[in-house]
Structure formats: C-alpha cells, structure tokens
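The structure under discussion appears below in the form of structure tokens.
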Amino acid sequence: MPNLLFNFDNRFTRELPADTETDNTRRQVLSACYSFVKPTQVKAPKLVAYSHEVAAQLGLSTTACESDSFTQVFSGNQLLDGMKPYAQCYGGHQFGNWAGQLGDGRAINLGEAVNDQNEHFVLQLKGSGETPYSRTADGLAVLRSSVREFLCSEAMFHLGIPTTRALSLVTTGESVVRDMFYDGRPREEPGAVVCRVAPSFLRFGSYELFSARGDINTLRQLVDYTIRTDFPHLGEPSVDVYLTWFSEVCERTAELIVHWMRVGFVHGVMNTDNMSILGLTIDYGPYGWLEDYDPNWTPNTTDASGRRYRFDNQSSVAQWNLFQLANALYPLIEQAEPLREILTHYATDYQNKVQAMRAQKLGLNQYDESLQKELHKVLQLVETDMTIFYRALANISTDKGEQSDQDLFTIVSDAYYDLDSISKHDMTRICSWLRQYQHHARLDGVTDLARKKAMNSVNPNYVLRNYLAQLAIDDAEQGNFDLIHTLLECLRHPYDVDERFEKFAVKRPDWARDRAGCSMLSCSS
Ligand code: AMP
Ligand code: MG
C-alpha cells in the first residue's frame, strides 16, 4: 500500500501500562490505561466522505484517500504496519453521578501517526466493534450518528472552535439494531465507522478513574505522560507544574465554552468522560444548534427533565466537571487551597471571556451590561433565530438619520419565525433595543463597513442546523451521499456568503419543528 504510508510513533501504548489480559471480554480493567484490541471486520465497507483538510494534515493525497486500501483501513478491515490498536480505560461522572469504569466501548485507537511537521495524531475508529469497555452494548455505530459526528467535527473546525477532527466516514454494509427513543421499537439501521483524529483523546474521566480506585501510581504516570506529551511547554512534572497544568486545562475549557456560546452550540452530554483534557469539543452525540434563541434548550431527550446540559448551563457544568478533575488530582497535590483558587479563577476568566465575545458579536468595542441583558430578553420575546439575527444586525447603519420602527425592524425581520405573532408591545421593545444598539455603535465611531466585517467574522452565516444534518441522514440512509458532500463544502466557509448555499442559511422549516433528529435527539447512536 505505497500511498497509505504513515509514520507511527505510539507513545501512549509505549509509555503507559497496558492491560495484561488480551482477550476481548467485558470486565473491569485495573492498573492499566488501555487494552489491546482488534477492530471487527466488516462485510462491505464503502467510503462515504473524507475531509481533505485532515487528509492533508496527515500527508495523505487524494489518490490515497480514494484508494480501496483507505476504505479497508478506515473501516477496520486492515491494519497498516505500525498500527497497534487499543481501547482506552476511563471513567466518568454521568449526569452528576459517578459511573465508575466506562472506557472506549466503541472506539478503537489505531495508532499515533506523525506528519512531516512532527505533529502526532491519534487515529481512532468509532463504531469498530466490541472492546473490554463495551459493557452491555455492541461497540457499533449507526450511519445517523456517524454522519452527525463527521459533519459537525469538521464544521466546528472551520468555525475556529477547538475540536477532534474526522478523517473519514465509511458505511460497513452491515446493519445495527437501535431503539432510537428507548420506546421498545428497535429498527435495523445501516452501520458506519468514523475515523476521528486528535492529538489525544484523554478525558477528565481518564484521571478520575485511577483516583477513584486509589491507584495513585497509575494516576501519576498518566498525568506526567500528559504533561510531557501534550503540555511540554509547562516543563518537567512537579507539584507546581500539576497546578499550572490544571490552570491551563481550566483556561482551555473556558475558551471552549465561550466558543460554543458564540455559535449557539449545545453539546448535550457534558459528562466528565466527554470532556477533553486538551479543551477540544469531543464526542458528538445528541448535540444541537440553537435555532430559536432559547437558553433553556437541550437537544438531548435523556436530559429533557433536568436540563443539566442546557445551552445556558454549559459554563457551570464545565466548572462542575473541572471540580471533579481537581478532586481527582488532589492526591498528587495534597493542597486544596490552590486548586480552589484555580477553580474560582475559572469563573472570572469565563466571565471576562464571554463578555468580550458578546461585545464582539455586536461589533462593539466594549461589553455593556444593560445592552446585553436587554438583548438576552429581547431575543426570547418571540421565536427568534439566533444565527440569522446576528448576521442581520450587522446591516444596521449608524449614519442614517431618524429611522422609523418599521425601517429598523425590516433589517432584522428575517430572523423571526412568525412575524404575525409579534405583538405591538414586543415590536416596540425590539425596536427600542435596536435604537440603543445603534447608539452604542455610533459612539464607538467605527464605520458601518468595518463593524459589519468584524461581526461577520465571529457570527457564522452557516451552521449545521439540526434539520440539515437530518436531511443529509435521510438521503444517506437511501444511499445518496450528495447532501453530505454539499454540506461539508458549505461548512468549510461558515462566515462567508455563498450563492450556492444560501438555502442553508435560512430558518428551520416548520416541518422540522418537532421531528426526531431535528429538534430532539437520543443518546442511542
Ligand atoms: P457516550 O454517551 O457516547 O459518551 O458513551 C458513554 C460510554 O458508553 C462510553 O464508555 C462509550 O464508549 C460507551 N458506549 C456508547 N455507545 C456504545 C456502544 N454502541 N457500544 C459500546 N459502548 C458504547
Ligand atoms: Mg463519550
């Protein structure tokens, strides 16, 4: 396979303790960071799509990606020289409760590819069959969830948001049975495998597990390994370095959540096993995008009653998760006060960052509390599309004279789902906010054009609206992958306006309001 050559440098398995048992039975794995496993062979793999950018980063040519070998390797059917597949052992807090050992139940890491810039990338197949961590499930993934993961990780990257990447999406030619809404109506769905790519797939839960088991030795090995490989700028591990490392994890997490809040992304399952130690968006499950601005919205049906993972709660949950990580690291540090200080700092750091981001979304030099608070309310008066609203707002001019309410409102009217439902009172309030906004923009003295350009560079025109992903899934399940390719292309330039893709920049159609997959999702993937 001459065109699929990788240099592998498998640091994780070389430097960290392996499970000594090699049979693939489901069990508790002690004193080890991973178990060696083999991906399951699949019947008839077919390449659906791949990411050119990820391929290029890995040094893969188009010919390589379109070769049969590529499909065989990234469906799990063939191993390349240097691949030594393994599943990671980790634990986690799920919905606020300690869940014990979880681990890669349907993810198999093939190895760490090193590119010509000496960057390391773990190649990981998601949906490649059972591992010792599969618990009661099958280790497989369905096309529906794989399309969502593939498209969204690439969309996030192009939005400028830290994320794990997706190299490829392959169907397996086999079916997988899923009870999508846990209502006793299982159906057969097409199986698929995504190859995810990231410098590391370590999660908060990776550290929590060893700490919870009192296995401080393995905990220290894993922390030292993480610092040496992924945070080398912090220097050699020591108690002080553990603290600066934890601060950096907090900072990266704050930055990540600010990005999610900027674009209206709701992760949906912010369990500690789904929190990347690198501050990447990881584990695309029942995530969703805010369409109408509803801070209480959660896309996850499992979370519908508690709404723990609702849009507006993401920073608090991230802090709660960081608190669990701090607890896990405590045995290595044995001082509560500095950990507490770092956690307190997270809250102020997040606050500063989110305020700066909110000012940027309005194209203003400074954050103004009352302007932002009123906007938060105005956006919730009637059903308002968050993405369209901010793009439209960039068209408000500061050098026009007196404008009537009607003229002002027309500029943002595209963002409203039901114009007829807006009461006179609400309309006056919206327009009054628009005037306040105009006033602030005028005071800043920035030209309309410059403000618009700045706003359009942080407020996307295209996001992976829930119904768009679902339309791509509907077609894919019928064997038509065109929409996946079109969306992938569109989402490569989310801040641009492209005539070809304007139909993706409009409000969610009415039929999608309550349709499964478009407004609510289950974890069953
Ligand atoms: P998630 O909700 O996807 O973050 O998964 C939580 C845990 O369940 C992780 O340990 C997953 O690897 C595992 N898991 C989820 N789905 C499956 C599946 N189909 N087969 C085996 N393990 C799974
Ligand atoms: Mg997970």
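The values are calculated or read from the model by the stated rules, or taken from the named source; none is laboratory data. Every value quoted in this text rests on a predicted model; they were computed, and no experiment measured them. No Cβ is skipped: glycine too gets one built from the backbone with ideal geometry, and neighbour counts run over all protein chains shown. Heavy atoms of the whole protein, side chains included, go into the accessibility calculation; ligands, DNA and RNA do not. Shrake-Rupley method; radii C 1.70, N 1.55, O 1.52, S 1.80 Å.
Listing for the model above:
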quantity	calculated
For the chain, projected area of the alpha-carbon convex hull averaged over all directions, nm²	24.9
Electrostatic dipole magnitude of the chain [Cβ: Lys, Arg +1; Asp, Glu -1; Cα centre; debye, to 20]	420
Check: region 7-201 dipole with +1 on Lys, Arg Cβ and -1 on Asp, Glu Cβ, in debye	460
Dipole of region 205-361, positive direction: furthest Cα of N321, V266, I227, with charges on the beta-carbon	V266
Angle in degrees between helix 216-230 and the longest Cα principal axis of the chain, rounded to the nearest 10	60
Backbone HN-Hα couplings from phi across region 391-402 [Karplus 6.51/-1.76/1.60, Hz, Gly and Pro as x]	5, 5, 4, 5, 8, 6, 9, 9, 9, 7, x, 4
Hydrodynamic radius (Kirkwood) for region 311-375, which is based on Cα pairs only, to one decimal in Å	13.6
Phi to ³J(HN,Hα) by Karplus 6.51 cos²θ - 1.76 cosθ + 1.60 over region 178-191, Hz, x for Gly, Pro	9, 9, 3, 10, 6, 10, x, 10, x, 9, 7, 10, x, x
Whole-number accessible area per residue in Å² for the chain, which is evaluated in the context of all protein chains at 1.4 Å	40
Over 30 Å (Cα to Cα) - which of K424/K453; K43/K507; K46/K453; K361/K507; K353/K424; K353/K400 fall in this group	K424/K453; K43/K507; K46/K453; K353/K424; K353/K400
Selection from M427, Q360, G205, by position along the positive dipole direction of the chain (Cβ)	M427
Top positive-direction residue, dipole computed over region 149-300 with Cβ charges, set L169, S153, W297	L169
Region 150-250, relative contact order in percent, only Cα pairs under 8 angstrom and at least six apart counted	17
Order by protection proxy (mean Cβ within 10 Å, highest first), peptides 292-301, 38-47, 455-464, 394-403	455-464, 292-301, 38-47, 394-403
Reachable aspartates and glutamates, given that their alpha-carbon falls under 20 Å from the alpha-carbon of K84 and they are not under 8 places away in the same chain	D9, E15, D19, E21, D23, D104, E112, E119, E130
The chain: angle of helix 239-263 to the longest principal axis, Cα-based, in degrees nearest 10	50
Using a Förster distance of 51 Å, the FRET efficiency for R500-T136 (Cβ separation, nearest 0.05)	0.65
Fraction of accessible area attributable to carbon and sulfur, region 361-439 (%, probe 1.4 Å)	46
Gyration tensor over alpha-carbon atoms, region 141-186, equivalent ellipsoid semi-axes in Å	27, 14, 6
Angle in degrees between helix 424-444 and the longest Cα principal axis of the chain, rounded to the nearest 10	80
Mean residue ellipticity (222 nm) of the chain, computed from DSSP H runs ≥ 4 via -39,500 (n - 2.57), nearest 500	-12500 deg cm²/dmol
Cα→Cβ-extended label distance, 7 Å offset, between A99 and H52, nm	3.8
Coordinate range along principal axes, alpha carbons of region 205-361, Å, largest first	48, 34, 27
Within region 369-445: Cβ-based charge dipole about Cα centre, in debye rounded to nearest 20 (Lys, Arg +1; Asp, Glu -1)	220
Cα-projected label distance for L30 with D183, points at 7 Å along beta-carbon direction, nm	4.5
Spin-label proximity, S413 to region 375-393 - amide N less than 16 Å from point 7 Å beyond Cα toward beta carbon	385, 389, 392-393
Cα-derived Rg over Rh, computed across region 123-214 with Rh taken as Kirkwood radius	1.03
Whole-Å semi-axes of region 55-117's equivalent ellipsoid (Cα gyration tensor)	31, 13, 11
Between region 219-237 and region 1-57, the Cα center-to-center distance that results, in Å	22
Where N is the number of residues in region 372-419, Cα Rg divided by 2.2 N^0.38 Å	1.16
Percent of Cα pairs exceeding the 31 Å cut-off, where the set is region 7-201	15
